[in-house]
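Taken together, the values in this text are just the output of simple stated rules run on the coordinates, not laboratory data. Keep in mind the model is a prediction, meaning the values are calculated, not measured. Cβ coordinates were reconstructed from backbone atoms using ideal geometry, including for glycine residues, and neighbour counts include every protein chain displayed.
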Amino acid sequence: MKTVFGMAIAISLSAGTLFAEGIVHKVAVHVNENDPAVMNIALNNVQNLTNYYHSTGDTVEVEVVTYGPGLNMLIDGKSPVADRIATMSLEMDNLSFAACGNTHRKMSAKKGEDIALLDEANMVPSGVVRLIELQEDGFAYVKP
């Protein structure tokens, strides 16, 4: 009897971990196109997956990584989604934005002055490297 009872407890405990609430999901969203539709799809993805995981009792950490033409998403005065980024950043503490330092440096040199980024943007040395690091850290990869 002790063996059967012990096995039942072990099965029950492992089943509990399979269905436990409160899991933290991690998602990297990649934007490398200067296309407002793509930028809005990326932000829609962020909003939808955040809503979904919160409805299940889970949470999600999301980082939007921009480089190349996609850096325009985070350029002050040029981003077609700046207002939406500002609103979402205020409402969602699980969201961050990474701006590629390589792209920023090249765009700034071409313009002849430092290009200002949105306040929500965090500069990273390389957008590609950041995506690799996030995936190595267990982030799922999404490309709208």
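Assorted remarks:
- Residue tally, condition touching a Leu at 6+ places or on another chain (Cβ under 8 Å) and either within 13 Å of Val29 (Cβ to Cβ) or surrounded by 15 or more Cβ atoms within 10 Å (Cβ to Cβ) (or both), over segment 67-98: 10
- Members of segment 115-129 found to be surrounded by 17 or more Cβ atoms within 10 Å (Cβ to Cβ) and either within 17 Å of Thr87 (Cβ to Cβ) or among the polar types (S, T, N, Q) (or both), listed by number: Leu118, Glu120, Ala121
- Residues of segment 42-52 that are of a type outside the set (Ser, Thr, Tyr) and exposed (fewer than 15 other Cβ atoms within 10 Å of the Cβ): Asn44, Asn48, Asn51.
The rows are residues; the columns are (1) in contact with a His (Cβ under 8 Å, 6 or more places away or on another chain); (2) over 12 Å from Ala28 (Cβ atoms); (3) assigned to a helix (DSSP H, G or I); (4) among the β-branched types (Val, Ile, Thr).
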{"site": "Arg105", "(1), (2), (3), (4)": "no, yes, yes, no"}
{"site": "Ala109", "(1), (2), (3), (4)": "no, yes, yes, no"}
{"site": "Ile115", "(1), (2), (3), (4)": "yes, yes, no, yes"}
{"site": "Asn122", "(1), (2), (3), (4)": "no, yes, no, no"}
{"site": "Val128", "(1), (2), (3), (4)": "no, no, yes, yes"}
{"site": "Leu131", "(1), (2), (3), (4)": "yes, no, yes, no"}
{"site": "Leu134", "(1), (2), (3), (4)": "no, no, yes, no"}
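- Any chance His30 is closer than 19 Å to Leu134 by Cβ and assigned to a helix (DSSP H, G or I): no
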